[in-house]
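Working notes, structure below.
The values are calculated or read from the model by the stated rules, or taken from the named source; none is laboratory data. Because the structure is predicted, anything quoted here is derived from the model rather than measured. All Cβ positions, glycine included, derive from the backbone under ideal geometry; neighbour counts span all protein chains shown. Keep in mind that these areas ignore ligands, DNA and RNA; they rest on the heavy atoms of the full protein, side chains included. Shrake-Rupley method; radii C 1.70, N 1.55, O 1.52, S 1.80 Å.
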Amino acid sequence: MQRLYDFLRRHPTGVDAFWAFVLFGISGLGAVAVAEADGRDPALASIPVIIGLCLVVALRRRWTDRMLLLAAGIGVLQMLFDVEPGPANFAMLVIIYTAAADGPQWASRFALAGGLAAAPLSQLRWPESSSGVWGNLLFMVFMVVPFALAWVLGDSIRTRRAYLAQLEERADRLEKEREAQSKVAVAAERARIARELHDVVAHNVSVMVVQADGAAYVLDAAPEQAKQALATISGTGRQALAEMRRLLGVLRTGEPEESGEYVPQPDVEQLDELIEQVRGAGLPVDFRVEGTPRPLPSGVELTAYRIVQEALTNTRKHGGENAGASVRLVYFDDGLGLLVEDDGKGAPHELYEDGGADGSGHGLIGMRERVGMVGGTLDAGPRPGGGFRISALLPLKPAH
């Protein structure tokens, strides 16, 4: 049945032509039967009327407005040549419905006016001699009802189609908006990954460079110290690879998962390891925690870790010789405070802003982006007498 229904939907003109042929047969037999009952030959004028009305049914969906005008013209000819209505006039109801459902606006209004006028005009042209005035009036009102119902049904179909089209258009628009939002989310995620990679590479590679320089310097004089530096380089490299694998893994789509496990995102509890690693690279760091430590949102903890990591990396890169740093982590009731200071004098403030001596890094720009993502505030600038200070306040809940 579904195949048959789909076939009929694909060939509407063929379906209409079939019903037009059926209507032609019924109308022809009806005209002959009426003529024989009256004892006369069938009126020749009824033949073009029947053919014209059947043509209206056959082509009603292909040329709706033209078939509506044709039906109106046939109705006028019926009145002029005294061709009484017959079964073929059922085409009038069909074309009124079609014009209301599929035709242009003027055709729908013309069909309504013509349908309401058809029954009164027919009753005036061919009144019932056996009925009185009130009988003819009642019959006229009764005949108006089918034309009005045909137009109302067609107009309701038009309204329903317009509503469904509006729903489909809205669904398509929402789908496009979802796709656009997905693309924005992907772009934001890639930007976050880029910042993560910058932090990982900048920190770990700088540690490896410092350790490698130190190992080369003491290789002959202190082999054990050089061996320890190489071990630090090896551990730092493995850590950097693990974090890079975690970050780049989310960019792979449709590839088999690797057997390696991804390391979790760093948090404030890993600041001790970070600072010990920095100290091992030759930068003295004073680390203090104030307040009562407690679990914080993962975004806040990751932001705090990356700010300290970036600040200490900048200190090693730009602080110069004999530079020292201090890190303060303060737990407030409504957030987390960070204060990172150094006393280095080896680089101007602009290098911190650029994030590197080559101007290619993120530096404070990346810090501000991270702090802004969690609704916090960042204050950064040179200290009086030399050095640099970074102060951040990360609330537990993003600001609205």
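How do the peptides 173-179, 321-327 rank, highest first, by the average count of neighbouring beta carbon atoms within 10 Å per residue?
So the order, starting with the most tightly packed, is 321-327, 173-179.
Would you tally the net charge around ASP16, using a Cβ to Cβ cut-off of less than 10 Å, leaving ASP16 out, and scoring K and R as +1, D and E as -1?
My count for the surroundings of ASP16 gives +3.
Would you rank HIS11, HIS318 by solvent-accessible area, highest first, keeping every protein chain in place and using a 1.4 Å probe?
HIS11, HIS318
Mind listing the long-range amide H neighbours of PHE287? Cut-off is under 5 Å, sequence gap 5 or more, other chains count too, H placed in the peptide plane at 1.01 Å from N.
The answer is VAL327.
Fully extended, how many nm does the chain gain between VAL145 and VAL218 (0.36 nm per residue separation, minus their Cα-Cα distance)?
Separation in residues times 0.36 nm, less the Cα-Cα distance, equals 15.5 nm.
7 Å from Cα along Cα→Cβ at both ARG383 and ASP82: what's the point-to-point distance in nm?
That separation, rounded to one decimal, is 11.9 nm.
Carbon-plus-sulfur fraction of the accessible area of the range 1-157, 1.4 Å probe, in percent?
It is 71 percent, rounded to a whole number.
With every protein chain present, what is the per residue accessible area of the range 1-146 (1.4 Å probe, Å²)?
63 Å²
What figure in square angstrom, to the nearest 10, would you give for the accessible area of LYS317 with a 1.4 Å probe?
Roll a 1.4 Å probe over it and LYS317 shows about 100 Å².
Using each residue's phi in the range 146-151, evaluate 6.51 cos²θ - 1.76 cosθ + 1.60 at θ = phi - 60° and report the 3J(HN,Hα) Karplus result to the nearest Hz, with x for Gly and Pro.
Result, rounded to whole Hz: x, 5, 5, 5, 4, 5.
Give me, ordered by chain and number, the residues 5 or more places off GLY335 or on other chains with an amide H under 5 Å from its own placed amide H.
Result for GLY335 returns LEU396.
Go through 19-25, 86-92, 157-163 and give me the packing order, highest mean Cβ count within 10 Å leading.
The most tightly packed comes first, giving 86-92, 19-25, 157-163.
For the range 39-118, state which trypsin sites (Lys or Arg not before Pro) are in a DSSP loop and have at most 11 other beta carbons lying within 10 Å of their beta carbon.
ARG40, ARG62
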